[in-house]
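Okay, structure first, notes after.
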């Protein structure tokens, strides 16, 4: 064989743009991709056929991307999604926006019509670059095949570093088909002069924080999802235990400290505990680690932490000072900042009195509900039962709404990265597909998907995926036959005018499960629930439980929109 | 308050859309924007004038711009000594009877005639926005047929004198 022929064979082995994609995914260590084929990604699916990577075929692109989000949240790795052009890509939009607001690392490959027809309103053409520009951390369209390997590397780098987020890579069909005749794939290095996230904290700012903390009488730590992303739970625990500083969580920060830790005050915010919200109102130093002072946490900003000097640790400088005036800004990775703070060995603040007040509050004003046999199962009881049976060790996923808030309040997590919920965007239909991704990331974990009856119906086609993969996900539908949170707001703010929130008809969920060859149960009393939940959670098969709960239960305590955290309603004894 | 912000960006398609989209998403109002190549290949410079409510909003704007992957550098140069130029093309109704009068107005502004027809003259005027405003005000009574402005382009001066007052005209 002569040299030129060898070279030619070698070049042929490099393959097409689609082959480059698959090779690059392998180089990036991608274990599995979530996707759905279509016209513009046919070359990619053909390359996948030649050179397989585990592919999870969702039954709708939205299911694929939520599964990738669940995977990313639980594993800490980047979730990868493939979808075709036009409708395939637009079906991903909700998931992309969700991942953006909740800072989840995703790389999304969308097919695109051939470069020769882009801009002609070709069949299945959509300007996905334009559509996703405001809801991605960054996006690319591959215009030259030479750039493709570098773009893939950059996409993974951007998605997974700094403040994580979704990155879209749009691949025209002719680029996937084009043969790549350059052998220098390994030389294509990342070139991102405008992207250098700061991870190490500034020393002077750390000194200021140390001073503020050691002089504090009523210090408080607000731990957000940044602590989980940075895998800094151990450092957080060490820090608060050493300095005896109480901790509260944002919704997404739950699990960053064990739910039963004696310094943990429960979740803060709109449906936070009395103790946590009161602590925010009364604290004199508030150290926010990796949270973004979202409006559902702060309530009316004019009344938020009125007495506190605010220290804000965040990897994204744009979050600091965005909503809450910040005395001591620290741009850093949560773990790096906590390690630096631990190194300082500063004088411990005297928090004995403060902790005593807080523990009195916890004792006198706990979360509460009125159980009553005649009313059937209360949703809070159902969540407590799930917690008791799984001992706080399960991975729990939810949609948005009442069941989400009850899960946040009553499922107390022993471990970090077990809580998968749609916080920022508040996406119905998120929880169930996310549970599939979570189970794939942690095959041995007990994954419980707590969903509402309405949200479940938005993505329940993914039951087919459970049927196919026999994943032991346990679906618990907290079925109140209505859009619970919408109904609660209509009750509270619209004089009980339940406009379109009571669902008149719903499928027989048990039969639905059976149609997918999944065991289904309906429970209507606590006795039934005890028995069925216990049996289901011990099973290695997927199970769906239609848990009928009382319809008119409300989530309390509640901070009404526009009011301050000090104005909670539905607190015991207040 | 009006701020002049310059950004150095990587010159690739979509970057203008990204920056203006960001401003729209965060509810900032762009008064003018100008974009062009720089001395570095592959880099462009954008200069825009925006109206922001307060210091906090301004800080947020600068940080959000800085966060964009394609944005290399962001500067608010409003309070610096700057060279600021804008170009305007203005078609003014100029029948022969008023031509001399208009020319005498135009002269101190060092505006130039770039096109002329029987009754209409197109003037080109460059300077900072205030100068252009003043010019427009003066020729307005004669009748402006059409007007177009490029938006501000600006540089920080090499020597910074903290309290140099900007001349409003010329």
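Read the figures in this text as sums done on the coordinates, not as results from a lab. Since the model is a prediction, treat every value here as computed from it, not as a measurement. Backbone-built Cβ (ideal geometry, glycine too); neighbour counts: all protein chains shown.
Data overview
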quantity	calculated
Rg/Rg_ref, chain B, where Rg_ref = 2.2 N^0.38 Å and atoms are Cα	1.19
Relative intensity, log₁₀ I(q)/I(0), of the stretch A:182-272 from a Debye sum that treats every alpha carbon as a point, q = 0.15, 0.16 Å⁻¹	-0.70, -0.76
Label-point separation in nm, residue A:241 to residue A:147, each point 7 Å along Cα→Cβ	5.1 nm
Rg(Cα) / (2.2 N^0.38 Å) computed for the stretch B:82-154, rounded to two decimals	1.06
P(r) weight above 23 Å for the stretch A:316-422, C-alpha pairs, percent	59 percent
Rg followed by Dmax, in Å, when the stretch A:229-365 is reduced to its Cα trace	14.0, 39
Expected 222 nm ellipticity per residue - DSSP helices of 4 or more, -39500 (n - 2.57), all of chain A, to 500	-11000 deg cm²/dmol
Peptide B:59-70, shielding by other chains (average Cβ, 10 Å cutoff)	5
Inverse mean reciprocal Cα-Cα distance (Kirkwood Rh) of the stretch B:2-76, Å	12.3 Å
10 Å Cβ neighbours from other chains, averaged over peptide A:316-324	4
Degrees, to the nearest 10: A:431-441 long Cα axis against longest axis of chain A	70 degrees
Global form of chain A, assessed from the alpha-carbon gyration tensor, a/c cut-off 1.5	oblate
5 Å-binned pair-distance histogram of the stretch A:441-574 (Cα, whole percent)	2, 9, 17, 18, 16, 13, 11, 8, 5, 1, 0
With Cα atoms, 0 to 90° folded angle of helix B:15-25 axis to chain B main axis	80 degrees
Nearest-0.05 FRET efficiency for residue A:295 and residue A:90, computed from C-beta distance (R0 35 Å)	0.80
Packing-based ranking, highest mean first, of B:23-31, A:319-327, B:37-45 given that Cβ atoms within 10 Å are counted	A:319-327, B:23-31, B:37-45
Two-site label geometry, residue B:150 and residue B:87: point separation in nm, points 7 Å out along Cα→Cβ	0.4 nm
Rg/Rg_globular for the stretch A:346-496, with Rg_globular taken as 2.2 N^0.38 Å and Rg from C-alpha atoms	1.21
Radius, Kirkwood style, for the stretch A:1-159 when every pair of distinct Cα atoms is counted (Å)	16.2 Å
Helix A:484-493 vs. chain A, principal-axis angle (Cα, 0 to 90°, nearest 10)	50 degrees
Label-point separation, residue A:352 to residue B:12 (7 Å along Cα→Cβ), nm	6.1 nm
Residue A:491-residue A:524 FRET efficiency (beta carbon distance; Förster radius 35 Å; 0.05 resolution)	0.90
Whole-number percent relative contact order across chain A, with pairs defined as alpha carbons under 8 Å at least 6 apart	14 percent
Chain B: most fluctuating residue of B:113, B:50, B:152 per GNM, C-alpha cutoff 10 Å	B:113
